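All remarks here apply to the structure that follows.
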Amino acid sequence: MDENRSVRHFSKEAVILIVVAAIFGLSMALIGGTCIGFALGRVTKDSSSVKSSKAVTSEEQEKLEEIEKLLDKYCLYDYSEEDLTEGIYKGVAASVGDPYTEYYTKEETDEIFSDISGEYGGIGALLTQDAETKVITVVNVFPGSPAEKSGILPGDYIISVAGEEVGERSLDEVVKDIRGDEGTVAELVIVRDGEEMDFSVTREIVESKMVYSYMLENKVGYIDVMEFTSNMDEQFIEQLNGLMDQGMKGLIIDLRSNPGGDVDACCNALDALLPQGCIIYTEDKNGDRQEYSSTGDDEIGIPVVVLVNGYSASASEIFAGCLMDREAATIVGTQSYGKGIIQTILPLSDGSSIKITFSQYFTPNGKEIQGKGITPDVTVEPEENDKRVSGSEPNPDSDAQFKKALEVLESQM
């Protein structure tokens with residue numbers, strides 16, 4: 001959300017990358033980029049009308065009027081009638097106890113449904129927010145972006161934007177403040193290793209490139225997927241085919257710190273790797289099941305290793321879990337995040353909308369991801385001095401997890 005909108009989560013160690021915190025909630029944003037997938041499995045533009053369980057009773061109406069009168073008389077801060085009304089709607093959504101169920105105003109909805117495949121003025125960082133703690137963390141920094149040039153790093157916590165504390169603000173609100181016109185400056189206060197640091201980052205037009213690939217020694221292909229945006233599958237397939245044309249004999253797919261995103265894009269990317277069969281299935285509150293399947297038209301037919309870590313969530317876990325169950329890849333790294341529920345955005349009649357958790361997904365063999373995550377076949381913790389730069393060619397001398405993935409892959413080639 002810009003800087004890049006995506007899903008919201010939190011770091012496992014600290015939370016979230018914004019991410020995580022005890023089992024972080026996942027909500028993400030692409031600052032400067034475009035993505036909304038974040039953790040919405042998919043965005044729905046058509047919805048049927050929703051009936052209220054009951055009309056507001058006269059007693060409830062009287063109480064609301066009583067509260068409003070007291071606010072008018074005593075509240076120190078300015079507010080509008082619209083603020084009160086929108087607050088009621090947001091409160092109704094929040095009352096269900098699901099951190100992912102959320103009401104959006106018409107303005108917020110318009111922003112969400114704006115062209116999510118274009119370019120925006122931002123700093124080029126992928127953010128997430130823990131659904132419970134509201135901590136906002138930098139998950140990834142795009143190569144060559146203003147954020148990278150300024151020295152912002154994955155794992156940094158954003159505590160202030162433009163002089164305003166993040167506090168309990170939503171990720172969407174924070175991202176909106178970070179985004180801006182090209183050439184203007186975003187003033188951020190970030191916490192790193194317990195120390196507050198000030199950053200003045202000049203915004204640029206940031207292209208939302210989510211897939212990077214390299215051909216390494218011994219015909220080993222490497223694909224780094226930063227997030228599953230709506231057009232990520234096209235980027236993935238194009239770069240996969242490019243590596244295959246170069247004679248690739250083995251493939252490492254890096255999903256570390258990938259917060260998830262668009263489920264359809266995830267399934268399309270998997271379809272380019274697998275024989276015919278189940279990719280994932282979902283179940284809603286009524287037990288109704290929907291299955292996503294691969295066609296088998298483009299089976300890759302070479303050894304594959306997938307890298308994951310505690311920031312790999314949602315669609316990343318679908319991707320890794322599917323390949324594990326289908327025995328089509330070896331999973332290397334650390335336990336993934338554990339987000340296995342899907343949200344959809346349903347428009348309301350006045351142009352506003354509500355995001356609702358409507359189903360959960362399972363791997364082909366029926367493994368539940370929510371709250372559990374994916375356990376790697378080979379567990380490897382990062383070493384203290386490791387330095388991984390997302391989107392850059394990997395270096396086994398400074399990335400213990402990649403080094404192990406390379407060893408595993410070469411033993412299978």
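Things to note:
- Selection within the range 330-341 - modelled with pLDDT of 95 or more and either under 12 Å from residue 375 (Cβ atoms) or buried (at least 24 other Cβ atoms within 10 Å of the Cβ) (or both): 331, 332, 333, 334, 335, 336
- Taking the range 289-321 as the range and being assigned to a strand (DSSP E or B), more than 20 Å from residue 240 (Cα to Cα) and in contact (Cβ under 8 Å) with a residue 60 or more places away in the chain as the test, only 290 passes.
- Cβ pairs under 7 Å, 6+ apart, first in the range 176-193 and touching a residue at least 40 places away in the same chain (Cβ under 8 Å) and under 14 Å from residue 145 (Cβ atoms), second of a type in the set (Val, Ile, Thr) and in a loop (DSSP other than H, G, I, E, B): 178/123; 186/123
- For residue 162, the criteria (1) open to solvent by less than 10 Å² (accessible area, probe 1.4 Å); (2) at positive phi hold in every case but one, which is (1).
- Single residue of the range 366-388 satisfying the filter (outside any loop (DSSP other than H, G, I, E, B) and either closer than 20 Å to residue 341 by Cα or of a type in the set (A, V, I, L, M) (or both)) that is modelled with the lowest pLDDT: 368
- Filtered residues of the range 304-351 (kept if among the polar types (S, T, N, Q) and touching an Asp or Glu at 6+ places or on another chain (Cβ under 8 Å)): 330, 334, 336
- Conditions (1) surrounded by 15 or more Cβ atoms within 10 Å (Cβ to Cβ); (2) under 23 Å from the mean Cα position of the chain (by Cα); number of the one not met by residue 371: (1)
- Unmet criterion (only one of (1) within 24 Å of the chain's Cα centre (by Cα); (2) under 30 Å from residue 403 (Cβ atoms); (3) open to solvent by 10 Å² or more (accessible area, probe 1.4 Å)) for residue 319: (3)
- All strands (runs of 3 or more DSSP E) inside the range 165-264 with 3 or more residues being open to solvent by less than 10 Å² (accessible area, probe 1.4 Å) and closer than 26 Å to residue 312 by Cβ: 220-225, 250-254
- Residue identified as over 27 Å from residue 141 (Cα atoms), part of a loop (DSSP other than H, G, I, E, B), open to solvent by less than 40 Å² (accessible area, probe 1.4 Å) and not hydrophobic (A, V, I, L, M, F, W, C) among 351, 391: 351
- The one condition in (1) in a strand (DSSP E or B); (2) more than 24 Å from the chain's Cα centre (by Cα) that residue 345 fails to fulfil: (2)
- Residue 412 passes every criterion in (1) touching a residue at least 60 places away in the same chain (Cβ under 8 Å); (2) open to solvent by 60 Å² or more (accessible area, probe 1.4 Å); (3) closer than 27 Å to residue 209 by Cβ apart from (3).
Residue-wise test of (1) at pLDDT below 60; (2) surrounded by 11 or more Cβ atoms within 10 Å (Cβ to Cβ); (3) over 27 Å from residue 137 (Cβ atoms).
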position	(1), (2), (3)
27	yes, yes, no
33	yes, yes, no
37	yes, yes, no
60	no, yes, yes
90	no, yes, no
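The values are calculated or read from the model by the stated rules, or taken from the named source; none is laboratory data. Just so it is clear, the model here is predicted, and its values are computed rather than measured. A quick note on method: Cβ atoms are made from the backbone with ideal geometry, for glycine too, and the neighbour counts reach across all protein chains shown. In case anyone asks, the SASA skips ligands and DNA or RNA and just uses the protein heavy atoms, side chains included. Shrake-Rupley method; radii C 1.70, N 1.55, O 1.52, S 1.80 Å.
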